[in-house]
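The values are calculated or read from the model by the stated rules, or taken from the named source; none is laboratory data. Being a predicted model, the structure only gives us computed values, none of them experimental. For neighbour counting, all protein chains shown are included, and Cβ atoms are generated from backbone atoms with ideal geometry for every residue, glycine included.
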Amino acid sequence: MMTLVLMDYADLDNHIALFDELLGPSQAENRETRFDYQVGRDSRPDSLRPGREFLMVMITTRNAYFNPVKFSWFYHSVPDRSGWFMTSLSLRGMALSWINTSLIDQLAELEYLDLQGNELSSFDYSSYTEKPFLHTLNLSGNLIEVLPNGLGDTFPALRVINLHDNRLKRFQMRNLLPVVELTRLTLSSNQLVEFDLEMIADFSYLKEVDVSDNSIESFDYELYNPRLSRLLLQNNHLSAFRLAGYLGELRYLAIYENNISTIDWRQLDLVLPNIERIHIWGNQLTELNLGQLSDGFDNLNELNVSGNQISTVDLTDNCSNLELLDLSCNQLTSLDLQQLPQSLKQLYLQYNPLKSITLVELPELELINLYGTRLQQIHITFTHTVEVDETYPQGQIISSGCTKIIIPSTTKILPN
C-alpha cells in the first residue's frame, strides 16, 4: 500500500514527522519510507515556489491506502503550515482508533476527507474552523455513536455524507443546517430508532436518503422535496408506513423486509406521481388492490411484492406502463390475468398455492414463472401453438409465440 506525495527534498525529515504526528506513535512505528526518484525543478503549480527541487517519495503504511490522484500536498515549507494546499485526504482502512483532528483542522483547503474502515469511536469537529470547501465526508465503517452539534456549521459545502456501518442511534437533520447543496445522505447499517426526515424540505438538492438496515419502527411523514429520487428504508422494524406531501422526482422506493401490513395506495399515488420502482417484498401485506385508483401509477414499471401474505390482486386500468410484477411467495390461490396491465413483460408467481389459472395472451408478455405452485392443470388460451422447450425433474419450460412459461413438471397443459 502506498502513496505518491510530491515533497520538498530539503524538508524531507519534517514531512516524515508530519505523517508520524497525523497517524500517532502506534501507527508510525509501522511506517517504512524509501526514495523513488527525483522530479527535478518544477515551477508549474501556482502554489509551489519556482526553482525548488522536489522529490517523489513513496510512503508505505500498515493497511493504508492513499489515492495518488486524490491525495496531493503542495506547500512551501512544513514549519509554516499556513502554506499547505491539500484538497483530499484518505486514511481508509488503517484500523485507526485515534487521529490528530487538530492537524486536520489546519487543512483549510480540504475538499475530500475519507476515514472509512477505521475504529474511530468519535469524530469531534466542534472546535474546527469552518471548512468552506469540503464537499465529501466519508466516516463509514467506524464505531461512532454520537455526532457533535454543528456539522453543517463546520462543513457548509457538504454534498455527500456517508455514515454507513456505525453505531448511531439518533440523527438530527437540523444538525446539517445551514448546508445547502447536500445531495446524498447515507445512514444505513446503524442502530437508528429516530430520524427527523421531515426536514428534507430544507435540502432542496438532496437526491438520495439511505436509512436502511436500522431499527426504525414507524414511518409517518409529510415530505416535500423537489429533487429526491431514491428513498431507501428497507430492513428496518417498520410496522406502519404512511407517506404524505409531494415527492415529484422520486423514482425508487425501497421498504422491503419490514413488518408493514397495509399501504394506502391512493395516497401514495398522489405523493409519488413519477415513481418507477417500488420494492415492498418481505412484509405482511394481504392484498394488492390498485383497481380503486383512477389512472394510478402511470410511470411505474417495476413492482415487487413477493414474500407477503397477498391473497387478492386487482390492478385493473392502472399501472399502464408496468413491465415487471413479482407476486412470488404469497397466498394466491387464483389469478385473473385480464386484471393485469397490457404492458406486462415479466410475471413471477412461483411458490403460491395456486389451484387454477387461465393464461390469456398479453401483447408484451415474455415470461410467466409458475414454478413451485400447486397447479394440477393449466389452460392456455394463446393464439400461438404451445411447445415444450425443456423439461427437468421439478419443472418444465413451455413457450407460445414470444412468451415462455415455467410450470411444475406435474402440471397438465389443457388444449386451447
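Couple of notes before you dig in:
- Listed by position, the strands (runs of 3 or more DSSP E) contained in region 193-265 that have at least 1 residues being farther than 27 Å from SER311 by Cα are 208-210, 218-224, 230-232, 240-246.
- Pairs with Cβ under 8 Å, 6+ apart, first in region 391-404 and at positive phi, second among the β-branched types (Val, Ile, Thr) and not in a strand (DSSP E or B): GLY401/THR383
- Single match in ASN190, ASN162 (criterion: farther than 22 Å from LEU250 by Cβ, modelled with pLDDT of 95 or more, outside the structural domain of GLU276 (by TED's automatic domain parsing) and under 19 Å from the mean Cα position of the chain (by Cα)): ASN190
- As for region 311-320, it holds at least one residue that is assigned by TED's automatic domain parsing to the domain that holds ASN259 and at pLDDT 95 or above.
- Residues that are touching a Lys or Arg at 6+ places or on another chain (Cβ under 6 Å) and surrounded by fewer than 18 Cβ atoms within 10 Å (Cβ to Cβ), drawn from region 144-177: GLU145, VAL160
- Residue in region 326-339 that is acidic (Asp, Glu), within 21 Å of LEU285 (Cβ to Cβ) and either at pLDDT below 95 or touching a Ser or Thr at 6+ places or on another chain (Cβ under 9 Å) (or both) present: yes
- Residue identified as more than 24 Å from TRP265 (Cβ to Cβ), at pLDDT below 95 and not in a strand (DSSP E or B) among LEU375, LEU362: LEU375
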